[in-house]
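A short write-up of the structure that comes next.
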Amino acid sequence: MSLEEGSMVFPGEIITNAEGLKAGRGTVTINGKLVSTITGFVRFNKETRLVWIDPIKQPIFPRRNDLVLGEVISVGNSIANVKIWFIIKIGKSPRNLKLIPLKKPFSANLHISQLGVRTESLSKMIKTGDILISRIVMDYTLPVNIVINDKLLGVVAARCSTCGTPLIKKKELFCPKCNKVESRKVSELYNYEKFMNLIKIHKPKRYLIVELE
Ligand SMILES: [Zn+2]
């Protein structure tokens, strides 16, 4: 059975083959397949063979103080525009992150004064294409404002601005090909592969738990 307990499904999504299973709350059987009718997490009782969905309310919009994951779309001297894809909930430790996909991405602005470090131009510390963890500070204007003035906040995945190679985090971000340091406002959670992959799955379908060593 391809059924994965706890995985997140959307309305209309096939959960598994219906054979030998009972369709519970939030599911229907269509052409021999169990299909979800709501957004939520798959549950399964081995004894009764019942499959049901625990509904979740997928956030449409983050709230003030939420942590969010997004991609830098453009950077000027004083303002960067960031497309937000996920809301982040921190688990037991800051390195145990639960990422909840938003129904639709939305736009946020980062001002140079919200960087937590001094620089003459925002574009020296953030580059287009960088993946950022930030915090929402205002939720009643559009685009919303975000800040990265904390150790956990900042760039979590970035490529070299010269050659495009993924940057490695040593003391600072470093390009192994050009053999040079790149300046960024880096997050303690920097991890190129994990965060870049998350953004690549532009329409994330699962409730993701990322564990970083
Ligand atoms: Zn390079």
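Tabulated data for the structure shown
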read-out	value
Residues of segment 172-191 that turn out to be in contact with a Ser or Thr (Cβ under 8 Å, 6 or more places away or on another chain) and over 16 Å from residue 162 (Cα atoms), as a count	1
Tally, over segment 25-43, of residues that are polar (S, T, N, Q), part of a strand (DSSP E or B) and either at pLDDT below 90 or within 30 Å of the chain's Cα centre (by Cα) (or both)	2
Residue match in segment 183-196 (condition: free of Cβ contacts under 8 Å to residues at least 24 places away in the same chain, assigned by TED's automatic domain parsing to the domain that holds residue 97 and open to solvent by less than 60 Å² (accessible area, probe 1.4 Å))	no
Flag if residue 118 is part of a strand (DSSP E or B), in the same structural domain as residue 169 (by TED's automatic domain parsing) and of a type in the set (D, E, K, R)	no
Segment 81-105: number of residues that are modelled with pLDDT under 75 and aliphatic (A, V, I, L, M)	0
Any hit, segment 37-52, residues being touching a residue at least 40 places away in the same chain (Cβ under 8 Å) and either open to solvent by 50 Å² or more (accessible area, probe 1.4 Å) or acidic (Asp, Glu) (or both)	no
Pair list, Cβ under 6 Å, 6 or more apart: segment 88-112 residue free of Cβ contacts under 8 Å to residues at least 60 places away in the same chain and surrounded by 13 or more Cβ atoms within 10 Å (Cβ to Cβ), other residue part of a strand (DSSP E or B) and small (Gly, Ala, Ser)	110/80
So residue 164, is it assigned by TED's automatic domain parsing to the domain that holds residue 88, touching a residue at least 24 places away in the same chain (Cβ under 8 Å) and of a type outside the set (S, T, N, Q)	no
Search result, residues across segment 59-82 that are outside any strand (DSSP E or B) and open to solvent by 20 Å² or more (accessible area, probe 1.4 Å)	59, 60, 61, 63, 64, 65, 66, 76, 77, 78
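The values are calculated or read from the model by the stated rules, or taken from the named source; none is laboratory data. On a predicted model such as this, the values are computed, not experimentally measured, just so you know. As a convention, Cβ positions derive from the backbone with ideal geometry for all residues, glycine included, and neighbour counts pool all protein chains shown. These area figures cover heavy atoms from the full protein model, side chains too; ligands, DNA and RNA do not enter into them. Shrake-Rupley method; radii C 1.70, N 1.55, O 1.52, S 1.80 Å.
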